[in-house]
Amino acid sequence: MTSQFKRFHSLRRTSGIREMLSETRLSARDLMLPIFIKEDITSPVAVKSMPGVFQHSTESAIAEIEEAYSLGIRSVLLFGIPRHKDPHGTGAWNPQGGVQTVIKLTKSKRPEMVIFADCCLCEYTTNGHCGIMTTRGLDNDATLDCLKKIAFSYANAGADFIAPSGMMDGAVQAIRNSLDDSRHPGVGIMAYSAKYASALYGPFRDAAGSSHQFKGDRKGHQLNPTQSREAILETLTDIAEGADIVMVKPGMFYLDMVSRIRDLVHQPIAVYQVSGEYSMIKLAGEKRIANEADLMLESLISMKRAGADIIITYAAKEVLRFLN
Ligand code: PBG
Ligand code: ZN
């Protein structure tokens with residue numbers, strides 16, 4: 001007699017069959033590599049809490065971008081660490097700054113490389129806050145004035161996308177207006193729309209040199225991990241303000257939001273596998289808790305399965321070596 005038995009093993013029997021039927025694939029063009037550019041160094045400095053990640057000099061950053069290009073990566077996200085910090089983070093809009101210099105050099109050498117430039121103050125302010133601090137807390141509007149100057153300066157250098165990462169209210173609109181008014185209407189904005197106040201950012205703050213004097217937290221402007229509807233509101237607001245690409249960050253604890261936002265909007269979605277996620281996977285590999293390559297690939301494929309168009313990951317280069 002025929003029965004309605006469960007029958008799936010034919011779909012999974014060989015690696016050829018499994019590959020043929022893969023709904024989700026990962027390739028070089030999905031990945032964006034973050035790069036830290038430090039102004040006062042001449043050779044790369046290892047970031048202790050992020051195995052395999054370095055702060056780069058202008059020169060080594062260019063070499064890093066070339067290597068990424070040769071592996072098939074076509075987008076990078078640049079962060080700068082200035083020679084001098086001050087309360088207003090003025091180093092961020094220095095036309096001769098590290099990020100600006102690397103943008104110009106990359107665009108003259110590798111114009112096809114798509115350059116995203118981080119637009120925040122925390123790497124440039126003495127206190128490590130993402131905005132201008134006053135005795136009454138963050139001054140949102142004063143911060144927007146600085147973000148406009150930073151965006152303008154990156155656009156002048158040749159950036160393709162500005163990436164405001166500070167979750168300041170109105171940042172996308174302020175930057176959009178500033179780009180349009182300064183005749184950079186083609187420069188896009190990748191908005192950190194659903195950015196949560198996460199415990200996973202610690203290693204980044206070492207890499208970005210923003211942890212030294214930082215006191216307090218970012219819970220007043222980043223999303224509370226308890227919130228999902230608020231993340232959707234933030235995303236829709238950023239889109240209304242002119243965001244071209246929206247982001248969910250961190251990745252692995254927040255893939256429910258990727259999937260919900262995927263169903264709601266038609267903009268490309270970027271997912272950021274943040275520093276803490278990256279380092280946890282690296283350390284699990286080092287401690288032989290799991291196979292590092294398998295763990296990393298599984299983590300990235302889960303982001304694509306959830307609906308990500310772009311994955312920002314410090315592991316971009318090594319993942320392509322695993323894949324090839
Ligand atoms: C700062 C910024 C952070 C990250 C990107 N931009 C940290 C923070 O908000 O404290 C985190 C990235 C990572 O952890 O890899 N605006
Ligand atoms: Zn910041």
Next on the checklist: Criterion first (under 22 Å from Ser302 (Cα atoms) and either open to solvent by 10 Å² or more (accessible area, probe 1.4 Å) or away from ligand 1 (no atom under 16 Å from the Cβ) (or both)) does Ile239 satisfy it?
Outcome noted: no
Checklist entry - Just one of Asp160, Asp118, Asp145 is modelled with pLDDT of 95 or more, of a type in the set (D, E, K, R) and within 12 Å of ligand 2 (Cβ to nearest atom); which is it? => result Asp118
Next on the checklist: Can you go through Ile301, Ile281, Ile312 and tell me which one is among the β-branched types (Val, Ile, Thr) and within 16 Å of ligand 2 (Cβ to nearest atom)?
Outcome noted: Ile312
Next on the checklist: Looking at Ala142, Ala151 in this structure, which one is open to solvent by less than 10 Å² (accessible area, probe 1.4 Å) and within 19 Å of Ser165 (Cα to Cα)?
Outcome noted: Ala151
Checklist entry - Yes or no: Arg288 modelled with pLDDT under 95 and not in a strand (DSSP E or B)? => result no
Next on the checklist: Being out of contact with any Leu (no Cβ under 6 Å at 6 or more places or on another chain), at pLDDT below 95 and open to solvent by 30 Å² or more (accessible area, probe 1.4 Å) is the requirement here; does Asp181 meet it?
Outcome noted: no
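Between Lys282, Lys215, which is touching a Pro at 6+ places or on another chain (Cβ under 9 Å), within 15 Å of ligand 1 (Cβ to nearest atom) and not small (Gly, Ala, Ser)? So that I can check it myself, show each step before the final result.
Working: Lys215 fails: touching a Pro at 6+ places or on another chain (Cβ under 9 Å).
Among Lys282, Lys215, only Lys282 is touching a Pro at 6+ places or on another chain (Cβ under 9 Å), within 15 Å of ligand 1 (Cβ to nearest atom) and not small (Gly, Ala, Ser).
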Item to check | Residue count for the stretch 244-255, restricted to those that are in contact with a strand residue (DSSP E or B) (Cβ under 7 Å, 6 or more places away or on another chain), of a type outside the set (Lys, Arg) and either open to solvent by less than 10 Å² (accessible area, probe 1.4 Å) or not in a loop (DSSP other than H, G, I, E, B) (or both) | outcome: 6
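The values are calculated or read from the model by the stated rules, or taken from the named source; none is laboratory data. Keep in mind that this is a model prediction, so the values were computed, not measured. Positions of Cβ are generated from backbone atoms using ideal geometry, with glycine treated the same way; all protein chains shown enter the neighbour counts. When the accessible area is computed, the model is the full protein with side chains, heavy atoms only, and any ligands, DNA or RNA have been set aside. Shrake-Rupley method; radii C 1.70, N 1.55, O 1.52, S 1.80 Å.
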